[in-house]
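The structure under discussion appears below in the form of structure tokens.
The values are calculated or read from the model by the stated rules, or taken from the named source; none is laboratory data. Given the structure is predicted, the values throughout are model-derived calculations rather than measurements. Glycine also receives a Cβ, built like all others from the backbone with ideal geometry; neighbour counts cover every protein chain displayed. For accessibility, only protein heavy atoms count, side chains too; no ligands or nucleic acids. Shrake-Rupley method; radii C 1.70, N 1.55, O 1.52, S 1.80 Å.
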Amino acid sequence: MANRGQVQRPAGSSLQGKICQFKLVLLGESAVGKSSLVLRFVKGQFYEYQESTIGAAFLTQTVCLDDITVKFEIWDTAGQERYHSLAPMYYRGAQAAIVVYDITSQDTFNRAKSWVKELQRQANPNIVIALAGNKADLADKRMVEFEDGQAYADENSLVFVETSAKTAMNVNDVFLTIAKKLPKSEPSGPSGGASSRRLDEGATDQASTGCCK
Amino acid sequence: MPLENSYNSNMTDYVEVREGFLCPVCMKDLVTFEQLQTHFEVAHNTEEDGAAFRHLKELLGKAKKKILKDPSIDSASSDEGTNDRSRGGATSAFDPSAWEVQEFGASSSHTEYFKQVRDSRVDRFVVETNKLLLRLDKLIVADVAGDTAKRKASEKDIVPWVPDQDVHYCLICGIRFSLVKRKHHCRLCGGIICSKCSVYLPFAYARKLTNPAFALEEPKQLGVSSLPRTGSSGSLNSMTNAEGEQHIRICTECRRLLDRRDQLIEQRTSKPIIVQFYERMKVAVDEVEKGVEVYTEMANSLSLGETRFELAEAQKLNVRLAKLYETIDVISKKIAALNMGDEVAPHAQQARLQRCVRLYAAAFLQERGAQGLRGWAPAAAAVTTSGVDVDPMLQQMSIIRDYIRKAKQARRFDEVQMLQANLEELQVEYKRQQRRLTAAS
């Protein structure tokens, strides 16, 4: 029981074979490709005419890092203004957020910036935020330069990446990068980490911080 | 078959082989069946011919039926028919080898006979081997080491030796004994053999056979020691070998029986590596079967809002299940890869077995909802009543309820829990919102 299934893992790490679960929320102006991005990540599919999301869609996906498994509980929120009131419900308990904009529209970039501000003000202080400039395949219609995105991300210490749900460019990478950045070890401070659920033996305390010890 | 045979055997009796509608009595060719029938009724209408006629009629009737039924004759649809045509024209249609597949004639099963022979053989071997083992047990227990004469006497006491003067040829290879070809007694059957047809049986090996538990305590390399001829004092060196280990001389026949028993014990006690893997996998599979049942109950109970189970307990079980799924996956992959990289590829049957085990495991994992470690997205809602006037909060609640239903269907209980938690949050938030609204108004 103790050693089966873990033969190939290096011994000595207490993280061995742990499954960590994180809540991730997608935010951004409508029609920037949030749902497409998630659908590409979860199912590997892409629809040219993705229907507009109502409320918040829910998906899960698991990624394997070296010796831990990270399960993402993904909330893909609707970009339409009328659903804005729902967003706080989802980003409040989230450990990670991807703010998406469309590189062919300056407006969506501005909207992304305001989302980042909102997150910084109201979300969990330790939330890992990624800024994703989607539709990178439409380079000839580009309105937001890569450098602009990068500069803004650097200022606010965000993960920055340009993606394309259509060509699958950088889609898995952004989730993997987030998975790596998420605190998987017991945080030193009491406020550190987030309320991620630790799916492991002895994880009786629901409100406990951090993921795996 | 009987028709064809009777024809052939009849024909061989004649010097000249004739074909056609021959009268069996006068050998006249009557060209058609009808003519033959009338001829027979008219010309040979006597008592003794009657029986022959009936027989003939029967035969021809059968032949006629057969010919009419045979598809190769009137149509070239079957391969057989076309082949025949190209070979020898219309006459080949009557070639017995081209006729349809005949029904089985009388058959008798030899299985019973085979079993009888085999059983008696197995019985004989078992009885014989048991007898040898009983003797062997006495021989190794008899503690008379050191005293050659005493030992010999006790050996002879346990197993009656065939008198020297009765035997002139080796029981096994048939060589004639002489001054240089010495006689040796097998200590187990008492028979006389030559040195080449005898081997030394180490006591350790003997003990392993008479008491299999002994072998487990002392897993030593046991085998036949080669037979170096050291002097002529057979009885002396039949006691100990070069390393001082005790052993006795036995004939190769007895050795064969003992080896067979040894193999049998080995087969029973040791399992091939694939079986060991499979058993470990099966344990995990059984555990999953039980665990999933409990987990389903827990998840259902939890989603109904009951307090019979703790959420943490369900999660713990979920992690356990995830680990078991991983175990099954890993072991089945190992089984599938067993010996695959070796220089000698495994036997086709073996490879097939390995592949089947892996397929079984994969199917099991898929069926049991081991997708817990893969992504999940609910299918799009069939109809979303996106009325503009509906409160987004209420709308979202109905969406979540739909997701919960779908997650339950997909047995994604982890997801059910996440969604359940979200639904509760939404409900709390909605109530707060309503309270604020009523307070404001």
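Let me cross-check B:Ile335: its accessible surface, 1.4 Å probe, with only protein heavy atoms counted, in Å² to the nearest 10?
0
Accessible surface of A:Ser85 in the full protein assembly, 1.4 angstrom probe, to the nearest 10 Å²?
Ignoring ligands and nucleic acids, A:Ser85 comes out at about 70 Å².
In what order, largest first, do B:Val162, B:Val283 sit by accessible area if the probe radius is 1.4 Å?
Numbers: B:Val162 50, B:Val283 85 Å².
Descending order: B:Val283, B:Val162.
Which order do A:Lys184, A:Lys141 take by accessible area at a 1.4 Å probe, largest first?
Numbers: A:Lys184 25, A:Lys141 120 Å².
Listed by decreasing accessible area, they come as A:Lys141, A:Lys184.
Taking the simple approach of a point 7 Å from Cα along Cα-to-Cβ for both B:Val275 and B:Gln165, what is their distance in nm?
Using points 7 Å along Cα→Cβ, the separation is 5.4 nm.
Using only protein heavy atoms and a 1.4 Å probe, report how much of B:Tyr113 is accessible, in Å² to the nearest 10.
Approximately 150 Å² of B:Tyr113 is accessible to the 1.4 Å probe.
Please give the FRET efficiency for B:Val344 paired with B:Lys64, using the beta carbon to beta carbon distance and R0 = 60 Å, rounded to the nearest 0.05.
Numbers: r = 61 Å, r/R0 = 1.01.
For R0 = 60 Å, the calculated efficiency reads 0.50.
May I ask which residue of B:His184, B:Tyr113, B:Asn130 lies farthest towards the positive end of the charge dipole of the stretch B:104-197, with charges of +1 (Lys, Arg) and -1 (Asp, Glu) on Cβ and the Cα centre as origin?
Ranked along the dipole, the leading option is B:His184.
What whole-number value in cubic angstrom gives the convex hull volume per residue for the C-alpha atoms of the stretch A:47-118? Could you put the intermediate results ahead of the total?
Values: hull volume 9.8 nm³, N = 72.
So the per-residue hull volume is 136 Å³.
What whole-number value in Å² describes the accessible area per residue of the stretch B:115-191 for a 1.4 Å probe?
Values: 4970 Å² over 77 residues.
Per residue, the stretch B:115-191 has 65 Å² of solvent-accessible surface.
Where does the stretch A:85-161 land on Rg(C-alpha)/(2.2 N^0.38 Å)? Mind showing how you got there, number by number?
Numbers: Rg = 12.5 Å, N = 77, 2.2 N^0.38 = 11.5 Å.
So the stretch A:85-161 has a normalised radius of gyration of 1.09.
Could you tell me which trypsin sites (Lys or Arg not before Pro) in the stretch B:302-352 are loop residues by DSSP with no more than 14 other beta carbons within 10 angstrom of their beta carbon? Walk me through the numbers before you get to the answer.
Numbers: sites: B:Arg308, B:Lys316, B:Arg320, B:Lys323, B:Lys333, B:Lys334, B:Arg352; in loops: B:Arg308.
Here the sparse-neighbourhood loop sites are B:Arg308.
Per 5 Å bin from zero, what fraction in whole % of the C-alpha pairs of the stretch B:112-185 is there, up to the bin with the longest pair?
Per 5 Å bin, starting at 0, the Cα pair percentages come out as 3, 12, 15, 14, 16, 18, 11, 6, 3, 2, 0.
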